[in-house]
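The values are calculated or read from the model by the stated rules, or taken from the named source; none is laboratory data. Keep in mind the model is a prediction, meaning the values are calculated, not measured. In this analysis, Cβ positions are derived from the backbone assuming ideal geometry, glycine residues included, and neighbour counts consider all displayed protein chains.
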């Protein structure tokens, strides 16, 4: 192992991964039956052996309906669930986690980057999207005595963690978990096994919440790269706040047990449920809190995960481990702006932790089989929205790691996800735009000689680093076979344009795909060797050293299918060239030649490489049948891919490390496993569904099965969401005399919505037309033992996605799923008060809300306006404003402090009436503003800039929505400096980098005249509300809060630690239904400087 590949000492070239490769599945695969290969033995490695105890089985028998729901229903009255049993890890002997540094439970944004089990509570490094400041969330000290973890009693599962701490006769059983909405809960069950009563003092402290009195500590913190601001709240059952800590005394009689808990919420205004959940878990008993969380966690599995059953228990467990990995390495922070606004997978939450374009398509291929389309769509919407309308790039929220985008096939993976879930044509239109931009952008940037093939000179650009042996042959640019992904991306764009009825653009993209195809075959095919080889540009020489990357064109179906081009596949018959396992990047004969020439590089392998191999076999066995690659080889790859993810093949310890090295064929052990644990580079559940079970998503309303027969007597894929239907596939070999699924007919069957639709008696490819109940066979035939029409199956572009979360998801990407209204801003003439260099007024009406191009205000005006001339008088009652936020790259653009929609009445500009913005405080990216309809030719938005920043717009949409103007949202946040508030007396706004909106209001109090009145604080119903006040103060102060002019309540505000350091304090007030005013002052002295209030 080279020194640069050792833990903690990554490659200086890019401080990222040590291996990687990508490979694409065929975009449009011909339905070719997978037949036995002619007269050639499979690779000789054989199959691995798995160890470990019996894998837990589901608690119910098989059903062709919703199996995961049936499993949940059988256990939902308790707290012991199958998925927890299946994936649990016990004791301190976990070879991947001997020191307990990994915590499996996490929230949608909150998790432990590193966990310290020696600390009761959440010791280690807490992360909100990424480590906040390398500090613990909170700790709980018990005294007197020293409480030490009994690591042999440590146990954790996906939903929660549990261990025992002892000091003398007192034992504390600690159970902890993080809720989906980012609440960290520690339950303590403290037992006194002694002969006399004992009294303990419990003290909870957090570096993120140290202000307050009564029963709660509060605080405020930013996150890495300043992407958002969190309000932190810490409370405990029976605890009191004093001196920056929560304390409680507990007396425990001899033989008795006492329960208590501590709860910390990391609340964000963009996730209003975080405040709601904090309150609910704070107020619940320990048992109720635990029960609520565990049941909710496992309900997610029932709602989202298809059930898969296969005859090899180790592979079955790995399938569910991979589903857990996809959830664990997933971020749903909803951070407004142009970073982590969309739910997205991240490569290695415990490592590099970014939405890295290279591996996103691999994740999409698995995520699309989660039933909610947001998981797959979120990935490609996210990358599409941050890529400036061009070549796909990594998420700019974390620019430190990787930030390259070369060998990815996001466009085609995105199209496959659309084939599966479907949705309104506007979704396909966005996909087409993103895909076209990526293909043309990659060619424009990397095809420097214009020959249709991308070129570059650095192994890191492939994701394979020093594993990519071809770069060691000769320095300089190489024309690369990874250009296959521009081919497949162009075909994905073409199909998306087909779906929206744009044949001109579809033809353009197909012509581009053909140009790329011809270029790769012409430039890279070496007829002397009958191999596809990269080309050294400067010398026009074919590069003899190869990687798996050379075969990407086969994986996407680019290469001709004649015998001449099949010859290149012969190398896969020889394990000295391309072994099934380890699944290396480099051709091993060429790697040896490079080492002999003094360029050994590295020779790692990972799930990226196995994904590459799966994609190659998936294509080759269907498109390029040959004598060198067989279904048996594919089956071995399936087994070895799973074996590598179990430490020494022991099913107790699954760990998909970032990479592996130093395979020892003598001991059959992997001697080095990367320090990044539970990572998602590649993916594999898709290949079980699409290749073993055979599901091949299509563009029409039919169902296609095309299995790779690997000799398994049975399998099922249960309750996949397929367009507007629930689809189940069952195979039970009718020739072996054993019924695997009692009550289910033997054969190869499709079930739709729980009912059998078709059965054939052999495992062969076929196409089922639900409309007529007919079956067609492309090759080998079988007896159709059952078939019936199932009307209603829709093609992808006929599906209507209407649930609120999906409508909101697409709205953030500039797509209106709620209606097909014309965007009145399209084609409008635009004028502005000023325009910054490098931006364009028309960019905000180009039809796309991507982060660039955009319009940005220029100069130093306190306000700027953006005007639309609609060409003639039109009725408008809604604007959608997509606001530029340039963090973390710069502080130039931030959401405005406020905005006002105006229309020209023929003589001057008039404010619209009943303007209601959602959210109430402007935010990055999507803002929806409704108002009483106006009929006008000219309409504009007047933007009041945030302190120290400018405003910008990536897109403006105008609609006549109709209906009633909605009331302002509840659970809102109100900035003190917003122009809709009333500042009286000396109260004044000042800039503050620490404030959520970039400004604070100071000089409040010191008499009756100096106040801030928050106007239009709304509540849908009358009753108590929690008001969290964010403030800054270099000393302890107080404030008085009055609602609707009533009696004021005094609230103490401890020092926040500085005049630009934000702290929070909470108070309960009673609001009336509708609009309220909330006035802050201090008749007895100065109040702290005010940042904002949050209502929950």
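Name the residues in segment 300-331 that are part of a loop (DSSP other than H, G, I, E, B) and touching a strand residue (DSSP E or B) at 6+ places or on another chain (Cβ under 8 Å), would you? Spell out how you get there, then give the answer.
Of segment 300-331, the ones part of a loop (DSSP other than H, G, I, E, B) are 305-306, 310-312, 329.
The answer is 306, 310, 311, 329.
Being over 14 Å from residue 1092 (Cβ atoms) and not in a loop (DSSP other than H, G, I, E, B) is the filter; apply it to segment 990-1001 and report the residue that is modelled with the highest pLDDT.
990
Looking at residue 948, is it at pLDDT 90 or above, assigned to a loop (DSSP other than H, G, I, E, B), in contact with a strand residue (DSSP E or B) (Cβ under 7 Å, 6 or more places away or on another chain) and not assigned by TED's automatic domain parsing to the domain that holds residue 883?
no
Looking for whichever is part of a strand (DSSP E or B), touching a residue at least 40 places away in the same chain (Cβ under 8 Å) and surrounded by fewer than 17 Cβ atoms within 10 Å (Cβ to Cβ) here; the options are 221, 205, 231, 199. Which one fits?
The unique qualifying residue is 199.
Tally time: how many residues in segment 720-751 are under 19 Å from residue 422 (Cα atoms) and assigned to a strand (DSSP E or B)? Give the derivation first.
Here is the first cut: in segment 720-751, the ones under 19 Å from residue 422 (Cα atoms) are 720-728.
Of the ones still in play, those that are also assigned to a strand (DSSP E or B) are 720-722, 725-728.
The number of residues fulfilling the criteria is 7.
Being in a strand (DSSP E or B), more than 19 Å from residue 285 (Cβ to Cβ), assigned by TED's automatic domain parsing to the domain that holds residue 229 and in contact with a strand residue (DSSP E or B) (Cβ under 7 Å, 6 or more places away or on another chain) is true for just one of 189, 163. Which residue is that?
Only one candidate qualifies: 163.
Which of the residues spanning segment 271-289 are crowded, with 23+ Cβ neighbours inside 10 Å and either at pLDDT 95 or above or over 30 Å from residue 923 (Cα atoms) (or both)?
Listed by number, the residues that qualify are 271, 274, 277, 278, 281, 289.
State whether the residues of segment 78-89 include one that is part of a strand (DSSP E or B), modelled with pLDDT of 95 or more and either within 31 Å of the chain's Cα centre (by Cα) or at positive phi (or both).
yes
Can you go through 127, 118 and tell me which one is in the same structural domain as residue 166 (by TED's automatic domain parsing) and surrounded by 18 or more Cβ atoms within 10 Å (Cβ to Cβ)?
Matching residue, one of 127, 118: 127.
State yes or no: is residue 324 within 30 Å of residue 282 (Cα to Cα) and touching a helix residue (DSSP H, G or I) at 6+ places or on another chain (Cβ under 7 Å)?
When the stated conditions are applied, residue 324 passes them.
Take residues that are more than 37 Å from the chain's Cα centre (by Cα) and tell me which of the helices (runs of 4 or more DSSP H) falling wholly in segment 493-605 contain 2 or more.
503-524, 563-566, 588-596
Mind checking which residues of segment 919-935 are more than 11 Å from residue 965 (Cβ to Cβ) and either buried (at least 22 other Cβ atoms within 10 Å of the Cβ) or under 34 Å from the mean Cα position of the chain (by Cα) (or both)?
Of everything in segment 919-935, those that are more than 11 Å from residue 965 (Cβ to Cβ) and either buried (at least 22 other Cβ atoms within 10 Å of the Cβ) or under 34 Å from the mean Cα position of the chain (by Cα) (or both) turn out to be 919, 920, 921, 922, 923, 924, 925, 926, 927, 928.
Please determine, by comparing only the residues of segment 791-819 that are without any contact (Cβ under 8 Å) to a residue 40 or more places away in the chain and in a loop (DSSP other than H, G, I, E, B), which one is surrounded by the fewest Cβ atoms within 10 Å (Cβ to Cβ). Quick ask: steps written out before the conclusion?
The initial filter retains those residues of segment 791-819 that are without any contact (Cβ under 8 Å) to a residue 40 or more places away in the chain, namely 791, 802-804, 807-808, 818.
When the remaining residues are screened for being in a loop (DSSP other than H, G, I, E, B), the result is 791, 802-803, 818.
On the way: 791: 8, 802: 11, 803: 12, 818: 14.
Applying the filter and picking the extreme gives 791.
Since residue 861 meets every condition but one in (1) surrounded by fewer than 22 Cβ atoms within 10 Å (Cβ to Cβ); (2) under 38 Å from the mean Cα position of the chain (by Cα); (3) closer than 15 Å to residue 951 by Cβ, which condition does it not meet?
(2)
Out of all the residues in segment 614-626, is one or more buried (at least 24 other Cβ atoms within 10 Å of the Cβ) and outside any helix (DSSP H, G or I)?
Checked segment 614-626: no residue is buried (at least 24 other Cβ atoms within 10 Å of the Cβ) and outside any helix (DSSP H, G or I).
Quick one: would you say residue 1041 is under 26 Å from residue 276 (Cβ atoms), within 33 Å of the chain's Cα centre (by Cα) and not in a loop (DSSP other than H, G, I, E, B)? Please lay out each step first, then the result.
Numbers: under 26 Å from residue 276 (Cβ atoms): yes; within 33 Å of the chain's Cα centre (by Cα): no; not in a loop (DSSP other than H, G, I, E, B): yes.
Here the answer is no, as residue 1041 does not meet what is asked.
Sort out which residues of segment 131-147 are crowded, with 23+ Cβ neighbours inside 10 Å and closer than 18 Å to residue 329 by Cβ, and write them in order of number.
none
Given (1) crowded, with 24+ Cβ neighbours inside 10 Å; (2) modelled with pLDDT of 95 or more; (3) out of contact with any strand residue (DSSP E or B) (no Cβ under 7 Å at 6 or more places or on another chain); (4) in a loop (DSSP other than H, G, I, E, B), identify the lone condition not met by residue 453.
Here residue 453 meets the rest and fails (3).
Considering only residues of segment 166-184 that are over 30 Å from residue 997 (Cα atoms) and under 33 Å from the mean Cα position of the chain (by Cα), which is surrounded by the fewest Cβ atoms within 10 Å (Cβ to Cβ)?
The residue in question is 175.
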